[in-house]
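S.K.: Before I ask anything, here is the structure I am working with.
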Amino acid sequence: MKLTLDPGAAALLDTLHAAGYAAYAVGGCVRDSLLGRTAHDWDLCTSALPQQVIELFGTEQCIPTGLQHGTVTIKYGGQLYETTTFRTEGSYTDGRHPDAVQFVPDVREDLARRDFTINAMAYNEAEGLVDPFGGQKDLQNGLLRAVGEPQQRFTEDALRILRLYRFAARFGFVLDAATARAARQLAPHLDCISAERIQEELAKLLIAPHPGAYLEPAVLAVVLPELTPAQLAALESLRGQFARKPAALLHGITGSGKTEVYIHLIAEVLARGGDVLLLVPEIALTAQLIERMERIFGSRVTPYHSKLTNRRRTETYLRLNRSQGGEFVVGVRSSIFLPLKRLQLVVVDEEHDASYKQADPAPRYNARDCAVVMARLWGGRTLLGSATPSLETWVNAGSGKYGLASLTERYGDARPPEIFVSDTIRAAKRGERHAHFNKLLLDKMEAALGRGEQVMLFQNRRGFAPYVECSECGWTARCPHCNVTLTYHKGGGKLVCHYCGYTAPVPVKCPSCKVTDVVPRGFGTEKVEEEIARLFPAARVARLDRDSVTSERAFNAIIADFEARKTDILVGTQMITKGFDFGGVSLVGILNADNLLNNPDFRAAERAFQLMMQVAGRAGRRSDGGEVVIQTSEPGHPVIRQVAAGDYDGMARAQLAEREAFFYPPYARLTLLTLRHRDVALLRRGITELAARLRGRFGRRVLGPMTPPVDRIRGEYLAGLLLKVESGASSARARELLGAELKAFSEDPEFRNITVVVNVDPQ
C-alpha cells in the first residue's frame with residue numbers, strides 16, 4: 001500500500017535514510033491517511049538518537065522539546081515535525097511521563113508502547129506499512145482496541161481513557177470489549193490527571209458528532225457533568241439553532257442544569273480555537289463559577305471584574321490583545337469590551353438581571369444587548385440563559401428572532417420546591433406573628449433545623465431598619481444631601497444614606513421635640529439576623545449583603561461556611577438569589593414580598609416574579625425537595641399566585657398584554673432624560689423648556705416633566721422626561737432628532753449648566 005506523504009515529512013525521511021538511519025511517519029498521520037482524511041500533524045520516528053538528529057539538521061532547525069524522552073522538533077518549510085527516537089518505556093509513577101526510557105533500534109518495539117492499534121502504525125516509501133498489531137484491519141472494521149494489555153495502557157496514563165472515547169466519537173468506531181471494560185474500571189484514576197490535560201482532551205472529544213453515545217457514566221462522573229436526556233436534547237437544539245440564528249435563549253427552571261449545557265458548548269468553541277465570554281451579573285457569582293469552570297478547563301479560565309487590581313486587569317487586557325484565540329473569560333458586564341479577537345460564543349447567565357445595565361456613570365449600556373450585537377459582528381453566537389427571562393428576550397424568542405431551548409425539569413432526581421403563601425395580616429389578627437415572622441415560617445424553620453437542614457431568608461433591604469422615627473412628633477432622620485431617609489445600621493451604630501454614603505450618629509433624643517428616643521421602623525437584613533438569632537439561639541446564623549461583604553475574601557468565607565454546613569441560617573438580600581447551589585437548603589423564606597410588588601415601575605411585577613422565583617429556586621435542589629414560604633399582606637395578588645404556581649408563561653402573558661395596551665417595552669423603545677441642577681427653580685424652567693422642544697419634534701411620544709421618587713441626590717435636584725418610540729420606527733432618526741434638540745438646549749445660555757443624562761432602555 002502506498003500513501004501520499006507530506007512533502008516536508010518526505011524530505012526529512014529522505015535525509016534520515018541517506019544518513020543511514022531508519023525513519024518512518026508514525027501515528028495519527030498514518031491512520032488519517034489510511035482513512036482517506038487529510039493529516040495535519042506529521043510525526044516522525046527514527047533510529048537516530050536526539051543528538052544525531054540535531055547534528056544532521058542543525059541547531060537552528062531543531063528545537064530540543066524533550067531530549068530525555070528522545071524528542072526533537074524539526075523546523076522545515078514553515079512547518080514543525082516532531083521527531084522521536086525509537087524507544088521503550090518503564091513505569092509511569094506520575095501517571096503521565098515514563099520514569100525512564102530506553103532507546104531501541106527497531107520501530108516495532110517503539111510501536112508496542114503506543115495507546116491504540118490504529119495509532120501504532122508506521123510508514124515509509126521503501127518498506128511500506130509497518131503494522132505489527134493489526135491497526136489497518138481495525139480501521140477497516142471500525143474497531144478501537146488498545147495495544148497489548150488494556151489495563152497496562154490505561155494505568156500508564158489515565159488520560160488515554162478520554163482519548164479512547166475521543167477517537168471512538170470522532171470516527172464512529174466500536175470499542176473492543178476488553179478495552180472498554182478496562183476503561184470503565186480505571187476511570188476513577190482520571191481524578192489524578194491535571195485539569196489542563198483533561199480540558200485539552202475533553203475539548204477535542206466534545207466537538208465529535210455524538211460524544212454522549214460513547215462516554216461512559218463512570219468517566220463523566222470524574223471529568224464532565226453528566227447530561228440528562230433533557231439537557232442533551234437542549235444541547236442538540238441549540239447547536240441546530242445556532243446554525244441559523246445569532247442568538248438563542250436557554251429557558252431552564254432553577255436547578256435544571258443550564259451550566260452543564262454551557263460547559264459543553266464552551267468546550268466545543270475552545271476546541272476550535274475560538275474565544276468564549278461567560279457573563280455573570282454580579283462579582284459575587286464569579287468566584288463560585290470560576291472554581292467550577294477551572295475544574296473542567298483549568299488555567300484557560302480568565303476572571304475579569306472590578307475587584308481585581310488595576311495591574312492585573314491591565315495585564316489581562318494586554319495578554320488578550322496579543323492572543324490568537326482559545327481564550328475563556330468569566331466576568332461581569334465590563335468584560336464585554338475586552339479584546340477577544342476570535343469571539344465565537346458569549347454566554348449571558350441570568351440574562352434577566354438588571355445588573356447588566358450600566359446606568360451611572362457613562363457609558364450607559366446593557367451588556368446583554370451588547371453581547372448579542374458584538375457576537376454577531378464577530379460572526380459568533382450569543383446564548384442567553386435564565387429561569388425567568390426578561391420579557392424582551394422572551395418576545396424575541398417567541399417571534400423567532402432568537403432560538404429557544406427549554407429545560408422543564410430539575411437536574412437528576414431533584415424536585416421543585418413546594419411553595420406556601422402566608423398572609424401577614426391574617427397571622428397578626430390570629431396572634432400568629434412573632435416579630436417579623438409568621439407562625440407558619442417559624443414552624444417550618446424549627447422542623448428543618450431539627451432535621452439538620454439549612455434555611456435561607458430573603459429580605460430585600462439591608463441595614464437594621466429603613467428609617468428611625470420619633471414616636472412623639474413623627475420626626476425622621478433624613479440625608480442633608482438627598483431626599484431620602486437615613487437607614488439605621490445597628491452594627492455600626494450609625495445612620496447611613498444608601499445614595500450618597502452620608503453617615504450620622506443615632507441621636508440620643510429626638511432633635512425636633514427633645515422628648516423621646518427615636519425608634520427604628522421597618523426591618524432590614526441586620527434586624528432579621530438579630531431576631532432569628534434570638535428565636536433560634538442554638539442555630540448558627542450569618543448574613544449576606546453589601547454590609548457584611550466588605551471584600552471578596554469576606555464573601556467567599558460566608559459562602560464557604562454555608563456550603564460546608566458551618567452555618568444553619570443564611571439571611572440576605574438579592575445577593576442570595578443568584579446562581580448558588582447549596583445541597584443542604586430545604587427551606588427558603590421570603591419575608592416581605594409586598595416590598596417587591598409595590599414599586600412605581602412598569603417592570604415591578606416582572607422583577608418581583610423573577611426575584612421570588614430565583615430565591616425559591618435555592619430550596620430543595622436534591623431528591624428530598626424543599627419548601628418555600630412567601631410572607632405577604634396580599635396573598636391574592638396575581639404575581640404571588642403566579643409564583644406559587646411557577647407559572648412564568650402566565651406572568652409573561654399578563655404583563656405583555658398590559659405593556660402592549662400602554663405602549664411599553666418590548667412594544668416601544670424608552671429613552672429617559674434626567675436633568676440635574678442645584679437650583680430647583682432653574683431646573684423646573686429648564687425641563688419645561690426641553691419638554692416643549694421635544695414635543696415639537698415627537699408629539700405625544702414625550703411624557704413629563706415628572707419628579708422621580710427620590711428627587712434630590714448629592715445636593716442636586718432631579719427631574720425627568722420619558723421618550724417613547726414605537727418598535728419598528730427608525731432608531732437612527734430618533735437619535736438624530738433628539739441629539740439636535742439636546743444640542744440646542746445645552747447651547748441656551750440660561751440652561752447650559754443643567755446636566756442632562758440620556759439613558760436609553762432604562763432598567
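The values are calculated or read from the model by the stated rules, or taken from the named source; none is laboratory data. Predicted model, so just to flag it, every value in this text is computed and none were measured. Please note: Cβ atoms are built from the backbone with ideal geometry, for glycine as well, and neighbour counts cover all protein chains shown.
S.K.: Does Thr314 meet the test of being modelled with pLDDT of 85 or more, over 23 Å from Phe555 (Cα atoms) and surrounded by fewer than 17 Cβ atoms within 10 Å (Cβ to Cβ)?
M.R.: Answer is yes for this residue.
S.K.: If I go through segment 142-179 residue by residue, how many of them are assigned to a helix (DSSP H, G or I) and touching a residue at least 12 places away in the same chain (Cβ under 8 Å)?
M.R.: Summing the residues that are assigned to a helix (DSSP H, G or I) and touching a residue at least 12 places away in the same chain (Cβ under 8 Å) in segment 142-179 gives 21.
S.K.: Among (1) under 30 Å from Ala616 (Cβ atoms); (2) free of Cβ contacts under 8 Å to residues at least 60 places away in the same chain; (3) within 33 Å of the chain's Cα centre (by Cα), which single condition is Val455 missing?
M.R.: Of everything listed in (1) under 30 Å from Ala616 (Cβ atoms); (2) free of Cβ contacts under 8 Å to residues at least 60 places away in the same chain; (3) within 33 Å of the chain's Cα centre (by Cα), Val455 misses just condition (2).
S.K.: May I pose another question? Looking only at segment 517-560, which residues are of a type in the set (Ser, Thr, Tyr), surrounded by 14 or more Cβ atoms within 10 Å (Cβ to Cβ) and free of Cβ contacts under 8 Å to residues at least 40 places away in the same chain?
M.R.: Ser548, the sole residue that qualifies.
S.K.: Can you find, within segment 672-707, the residue that is nearest to Val760 (Cα to Cα) among those that are outside any helix (DSSP H, G or I) and touching a residue at least 60 places away in the same chain (Cβ under 8 Å)?
M.R.: Only one residue fits best here, namely Leu672.
S.K.: Within segment 627-647, does at least one residue satisfy the condition of being under 18 Å from Met445 (Cβ atoms), touching a residue at least 60 places away in the same chain (Cβ under 8 Å) and part of a helix (DSSP H, G or I)?
M.R.: Scanning segment 627-647 turns up no residue that is under 18 Å from Met445 (Cβ atoms), touching a residue at least 60 places away in the same chain (Cβ under 8 Å) and part of a helix (DSSP H, G or I).
S.K.: Oh, and also: Quick check on segment 498-511. Is at least one of its residues buried (at least 19 other Cβ atoms within 10 Å of the Cβ), touching a residue at least 12 places away in the same chain (Cβ under 8 Å) and more than 23 Å from Ser471 (Cβ to Cβ)?
M.R.: Checked segment 498-511: no residue is buried (at least 19 other Cβ atoms within 10 Å of the Cβ), touching a residue at least 12 places away in the same chain (Cβ under 8 Å) and more than 23 Å from Ser471 (Cβ to Cβ).
Let's see how each residue does on (1) in a strand (DSSP E or B); (2) crowded, with 16+ Cβ neighbours inside 10 Å; (3) touching a Phe, Trp or Tyr at 6+ places or on another chain (Cβ under 7 Å); (4) among the β-branched types (Val, Ile, Thr):
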{"position": "Pro709", "(1), (2), (3), (4)": "no, no, no, no"}
{"position": "Gly720", "(1), (2), (3), (4)": "yes, yes, no, no"}
{"position": "Arg735", "(1), (2), (3), (4)": "no, no, no, no"}
{"position": "Leu738", "(1), (2), (3), (4)": "no, yes, no, no"}
{"position": "Phe745", "(1), (2), (3), (4)": "no, yes, yes, no"}
{"position": "Asp748", "(1), (2), (3), (4)": "no, no, no, no"}
{"position": "Arg752", "(1), (2), (3), (4)": "no, no, no, no"}
{"position": "Asn759", "(1), (2), (3), (4)": "yes, yes, no, no"}
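S.K.: Looking only at helices (runs of 4 or more DSSP H) that lie completely in segment 345-430, which have at least 2 residues being closer than 30 Å to Ser586 by Cβ and without any contact (Cβ under 8 Å) to a residue 24 or more places away in the chain?
M.R.: 424-429
S.K.: When you check Thr567 against the structure, is it over 25 Å from the mean Cα position of the chain (by Cα) and either over 20 Å from Phe523 (Cβ atoms) or surrounded by fewer than 16 Cβ atoms within 10 Å (Cβ to Cβ) (or both), yes or no?
M.R.: Here the answer is yes, as Thr567 does meet what is asked.
Yes/no per residue for (1) crowded, with 22+ Cβ neighbours inside 10 Å; (2) more than 36 Å from the chain's Cα centre (by Cα):
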| residue | (1), (2) |
| --- | --- |
| Glu109 | no, yes |
| Arg113 | no, yes |
| Ala146 | yes, yes |
| Glu149 | no, yes |
| Arg153 | yes, yes |
| Gly172 | no, no |
| Pro188 | no, no |
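S.K.: Among the residues of segment 483-495 satisfying the criterion of being surrounded by fewer than 22 Cβ atoms within 10 Å (Cβ to Cβ) and touching a Cys at 6+ places or on another chain (Cβ under 9 Å), which is farthest from Val528 (Cα to Cα)?
M.R.: Val484
S.K.: Within the bounds of segment 335-350, is there any residue that is under 30 Å from Thr755 (Cα atoms), of a type in the set (A, V, I, L, M) and within 14 Å of the chain's Cα centre (by Cα)?
M.R.: Yes, there is a match, as at least one residue in segment 335-350 is under 30 Å from Thr755 (Cα atoms), of a type in the set (A, V, I, L, M) and within 14 Å of the chain's Cα centre (by Cα).
S.K.: Look through Ala448, Ala427 and report the one residue that is surrounded by 18 or more Cβ atoms within 10 Å (Cβ to Cβ), more than 20 Å from Leu611 (Cα to Cα) and within 35 Å of the chain's Cα centre (by Cα).
M.R.: Ala448
S.K.: Let me ask something else. (1) more than 27 Å from Val615 (Cα to Cα); (2) crowded, with 21+ Cβ neighbours inside 10 Å; (3) not hydrophobic (A, V, I, L, M, F, W, C): which one isn't true of Arg461, the others all being true?
M.R.: Among (1) more than 27 Å from Val615 (Cα to Cα); (2) crowded, with 21+ Cβ neighbours inside 10 Å; (3) not hydrophobic (A, V, I, L, M, F, W, C), the lone unmet condition for Arg461 is (1).
S.K.: Just name the residue that is surrounded by the most Cβ atoms within 10 Å (Cβ to Cβ) out of those in segment 610-647 that are over 20 Å from Thr573 (Cβ atoms) and of a type in the set (S, T, N, Q).
M.R.: So, considering only residues that are over 20 Å from Thr573 (Cβ atoms) and of a type in the set (S, T, N, Q), the one surrounded by the most Cβ atoms within 10 Å (Cβ to Cβ) is Gln642.
S.K.: Tally up the residues in segment 117-144 that are surrounded by fewer than 19 Cβ atoms within 10 Å (Cβ to Cβ) and hydroxyl-bearing (Ser, Thr, Tyr), please.
M.R.: Count: 0.
S.K.: Here is a further query. Select from segment 233-291 the residues that are polar (S, T, N, Q) and modelled with pLDDT of 80 or more and list them in ascending order.
M.R.: Residues satisfying the conditions are Ser237, Gln241, Thr254, Ser256, Thr259.
S.K.: Could you look through segment 698-707, keep only residues that are touching a Leu at 6+ places or on another chain (Cβ under 7 Å) and either among the small types (Gly, Ala, Ser) or closer than 17 Å to Ala668 by Cα (or both), and pick out the one that is surrounded by the fewest Cβ atoms within 10 Å (Cβ to Cβ)?
M.R.: By that ranking, first place goes to Leu703.
S.K.: Let me ask something else about it. Every residue in segment 2-26 that is surrounded by fewer than 20 Cβ atoms within 10 Å (Cβ to Cβ) and either among the hydroxyl-bearing types (Ser, Thr, Tyr) or on the phi > 0 side of the Ramachandran plot (or both), please.
M.R.: Within segment 2-26, Thr4, Thr15, Gly20, Tyr21 meet the criteria.
S.K.: Looking for something β-branched (Val, Ile, Thr) and under 24 Å from Arg659 (Cα atoms) - is there at least one such residue anywhere in segment 739-754?
M.R.: Scanning segment 739-754, I find no residue that is β-branched (Val, Ile, Thr) and under 24 Å from Arg659 (Cα atoms), so the answer is no.
S.K.: For the subset of segment 237-261 comprising residues that are in contact with a strand residue (DSSP E or B) (Cβ under 9 Å, 6 or more places away or on another chain) and in a helix (DSSP H, G or I), which member is nearest to Arg410 (Cα to Cα)?
M.R.: Lys258
S.K.: While we're on this one: Answer yes if at least one residue in segment 177-196 is on the phi > 0 side of the Ramachandran plot and in contact with a Gly (Cβ under 9 Å, 6 or more places away or on another chain), and no otherwise.
M.R.: no
S.K.: Quick one: which of Thr550, Thr516 is more than 23 Å from Ala447 (Cα to Cα), among the polar types (S, T, N, Q), in contact with a Cys (Cβ under 9 Å, 6 or more places away or on another chain) and part of a loop (DSSP other than H, G, I, E, B)?
M.R.: Thr516
S.K.: Taking the residues in segment 648-689 that are closer than 22 Å to Ala719 by Cβ and among the polar types (S, T, N, Q) as candidates, determine which candidate is surrounded by the most Cβ atoms within 10 Å (Cβ to Cβ).
M.R.: Among residues in segment 648-689 that are closer than 22 Å to Ala719 by Cβ and among the polar types (S, T, N, Q), the one surrounded by the most Cβ atoms within 10 Å (Cβ to Cβ) is Thr671.
S.K.: Of all residues in segment 577-595 being modelled with pLDDT of 80 or more and assigned to a helix (DSSP H, G or I), which is farthest from the chain's Cα centre (by Cα)?
M.R.: The qualifying residue farthest from the chain's Cα centre (by Cα) is Asp594.
S.K.: Something else about it: From Phe602, Phe562, which residue is assigned to a helix (DSSP H, G or I), of a type outside the set (A, V, I, L, M) and in the same structural domain as Gln454 (by TED's automatic domain parsing)?
M.R.: Phe562
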